[in-house]
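Data block below; observations after.
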């Protein structure tokens, strides 16, 4: 990337905004993604990403900021998926699939109506694949605040989330309201997905949520270390993706930059594949009660 160190790159307002928003998105997705993988809710994360398409297309239809559409649709869908699903994983998957199907149908309708009511072009591409270089600086404080709230929720519930991930029955025996914890966590997950949808689009936001987390969990067994590695991996992929998209303006065909989302997804995939070069860490199997004991007595408190 021979233009990487040119003064114009970091003196550009849109690039600086993209780097800041990308950092918020990568850290939030990296931390929350670790719990998503540990809890076996990757499908829920993917579904929330697809549901965000409905919110983004609805926001485009009524003429408001797409982030609010992503956020509202994600939080509502999270409550529905956890609220109408039973405690067994199969029941949660069925509920998730039902909500997902309905949401995608609405997204198709909203995008169709939006194209009829406005001459704006590229709206569908922006909703599906993101456009981090055109984020308004006025939106940045809201994005930062949303990411901070999601991370705070996960930090407060960290021990409970680990306990309910390892042994929901033991969590109930200790007085934990497992379903309430699930709803609150999915709401934080919806915020994370909404942030990623702004950066790389609703369709590809799962890449930042699952890829770095899965890579980190292959490299370390400590949840705290995994969150740090995941956040750093996501940050590296996002920032390098932004620089690559900026530099691609000078690649053939000249004058047409490649999407940021393409670079980010490729880098996330490359990082995951490279993790296979290192033997996966193994330790003797442990019982669920031993795992839960590490969460401490505080895990019983919500």
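Side notes on the structure shown:
- Within the span defined as region 239-260, one or more residues are surrounded by fewer than 24 Cβ atoms within 10 Å (Cβ to Cβ), within 30 Å of residue 55 (Cα to Cα) and modelled with pLDDT of 90 or more.
- Across region 18-40, not a single residue is classified as more than 19 Å from residue 149 (Cα to Cα), at pLDDT below 80 and either surrounded by 18 or more Cβ atoms within 10 Å (Cβ to Cβ) or touching a helix residue (DSSP H, G or I) at 6+ places or on another chain (Cβ under 7 Å) (or both).
- Of the criteria (1) modelled with pLDDT of 75 or more; (2) not in a loop (DSSP other than H, G, I, E, B), which one residue 83 fails: (1)
- So residue 244, is it under 16 Å from the mean Cα position of the chain (by Cα), in a helix (DSSP H, G or I) and within 21 Å of residue 19 (Cβ to Cβ): no
- Exactly one residue out of 189, 235 is in contact with a helix residue (DSSP H, G or I) (Cβ under 9 Å, 6 or more places away or on another chain) and within 24 Å of residue 276 (Cβ to Cβ), and it is 235.
- Residues satisfying the stated conditions in region 64-79, i.e. without any contact (Cβ under 8 Å) to a residue 24 or more places away in the chain and outside any helix (DSSP H, G or I): 64
- Qualifying residue in region 90-103 (condition: surrounded by fewer than 16 Cβ atoms within 10 Å (Cβ to Cβ), part of a helix (DSSP H, G or I) and modelled with pLDDT of 75 or more): no
- Residue identified as farther than 22 Å from residue 262 by Cβ, free of Cβ contacts under 8 Å to residues at least 40 places away in the same chain and assigned to a helix (DSSP H, G or I) among 228, 216: 228
- Residues in region 167-212 that are part of a helix (DSSP H, G or I) and over 25 Å from residue 72 (Cβ atoms): 168, 169, 170, 171, 172, 173, 178, 211, 212.
- Residue 163 being crowded, with 24+ Cβ neighbours inside 10 Å and more than 30 Å from residue 273 (Cβ to Cβ): yes
- Qualifying residues in region 193-219 (those that are modelled with pLDDT under 90 and surrounded by fewer than 24 Cβ atoms within 10 Å (Cβ to Cβ)) - the one nearest to residue 69 (Cα to Cα): 203
- Residue 151 vs. criteria touching a helix residue (DSSP H, G or I) at 6+ places or on another chain (Cβ under 8 Å), part of a helix (DSSP H, G or I) and under 29 Å from residue 273 (Cβ atoms): yes
The values are calculated or read from the model by the stated rules, or taken from the named source; none is laboratory data. Remember, it's a predicted structure, so these values are computed and weren't measured experimentally. Note that each Cβ is placed from the backbone with ideal geometry, even for glycine, and that neighbours are counted across all protein chains shown.
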